[in-house]
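Each reported figure results from applying straightforward, stated rules to the coordinates on display, with no laboratory input. All of these numbers come straight from a predicted model, not from anything done at the bench. Don't worry about glycine lacking a Cβ; one is built from the backbone with ideal geometry, like all the others, and counts go over all protein chains shown.
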Amino acid sequence: MGIDPYPARFKRTHMAQQAIELLTKQEQSGTTEPITVTVAGRIMANRKMGKISFLDIRDDSGKIQLLIVQVQCCLCGYRFCPYKEQIGLAFTDRISPTLKQRQLKLTCQISYHKARTFIASCLGVGPSEPTIRKEIDRRAGEIRQIPVTANRQIVYHDATKVKAGSKDRGVSIHLAVTSTPGTQRHRRKRLLFLRTGSAQQIKKSLAALKARGIVHDGDMDLSGCARFLQRCLWHLAHQLKHFLWQDGLPFEARGPYVKELIFILHQSPSVRTMKKQYQSFVQKLSTHGLVQSAGHLQNAESEMATFREHGIVGSTTSPVEREMREINRRADIGVRWSVPGIENLLLVKTHMAMNEP
């Protein structure tokens, strides 16, 4: 319509309260000559009533109400309210894209109720909690339509439990990312997928990424999902504590076994020496009657030295551990989520953190 909704400068002639007083004096005097005033503020309310709409504009002095009448095109007869076009909103939108984006970022960090309360305290009016949920669901649907591939890179996969669904322990949230080499601060990570589902569904999703290799924690059998598989060395040693407990070993006696395994995994001078020491350690556990612990390490034997044999960058799932802590922080708010609800929220949160500038 030839009106710039975001001008570089905007000259305000009156505050809202001054404009009201001026128009009130004109009404009392009976003068019909039009008065032109220019006010600036936030649109705090929008009420459409048939062919007219009411807008509330608030500034530091108070609130003024505008009456917007529909315009009818003389050529085609189409009726519309022109104020949305003047401020840059699409016909179907009620809030600007910038406010939507900031609302999403806020909702990803705090609860829906707190996000609504915070927005309302800043603007004087805020979206309802169902509206915030719908926006999260809409954005999650858009993200799922984006094609993803690992481009023959190394994929880091991990999972964590969140309190959702009908099961007592909740459901597992699976996360897969790629990561470029570098320090923790300068490492660039990219989200490939975040989802719930059965083991078969997760394996199918991982195989579809066409990754060169996968670094994982060993909770699932990922054979066939990539050419190379590397067991996370930190998880391998950390999980040994649990299996030593299952074998009935006292707490004070578990430490030497764990330290010996860590030395083999990280201090062995060559792959050959590493494998030989690893096999001797497994045999030692079997000899001492620690059957569960020996079985745990035997299952990981074919995947514990892949990073040294084939030059895979990364021997632990550390690139995803920070994201897993953030997932647990956002999900653990003392309520039980629906599975689609928590999956959509965490997908939007992680995508915005890793894939958006």
Residue with peak Gaussian network fluctuation, the chain [Cα springs, cutoff 10 Å], from 145, 200, 230: 145
With the charge dipole of the stretch 193-308 built from beta-carbon charges (+1 for Lys and Arg, -1 for Asp and Glu) about the Cα centre, the Cα from 237, 213, 248 projecting farthest to the positive end belongs to 213
Projected label distance in nm at residue 142 and residue 353, using a 7 Å step from Cα toward the beta-carbon: 2.1
Under 5 Å between amide hydrogens, which residues at least 5 positions from residue 195 or on another chain qualify, with H placed 1.01 Å from N in the peptide plane? 174
What residue among 31, 178, 316 has the largest mean-square fluctuation in a Gaussian network model of the chain, using Cα springs under 10 Å? 31
Of 169, 144, 330, which is the most mobile in a GNM of the chain whose springs link Cα atoms less than 10 angstrom apart? 169
At a Cα cut-off below 27 Å, give the lysines reachable from residue 11, other chains included and same-chain residues fewer than 8 away excluded. 25, 63, 84
About its Cα centre, the chain carries a charge dipole, from +1 on Lys and Arg Cβ atoms and -1 on Asp and Glu Cβ atoms, whose size in debye to the nearest 20 is 400
Output wanted: per-residue J couplings in Hz (rounded whole) for the stretch 282-294, from phi through Karplus 6.51 cos²θ - 1.76 cosθ + 1.60, θ = phi - 60°, x for Gly and Pro. 4, 5, 5, 4, 5, 5, 7, x, 8, 5, 4, 5, 5
State which entries of 203/284; 48/134; 163/210; 100/189; 114/210; 161/189 exceed 29 angstrom in Cα-Cα distance in the structure shown. 203/284; 163/210; 114/210
Can you spot the aspartates and glutamates whose alpha carbon is less than 14 Å from residue 241's alpha carbon? Ignore those fewer than 8 places along the same chain. 252, 260
The stretch 97-144 - charge dipole about Cα centre, Lys and Arg +1 at Cβ, Asp and Glu -1, debye rounded to 20: 80
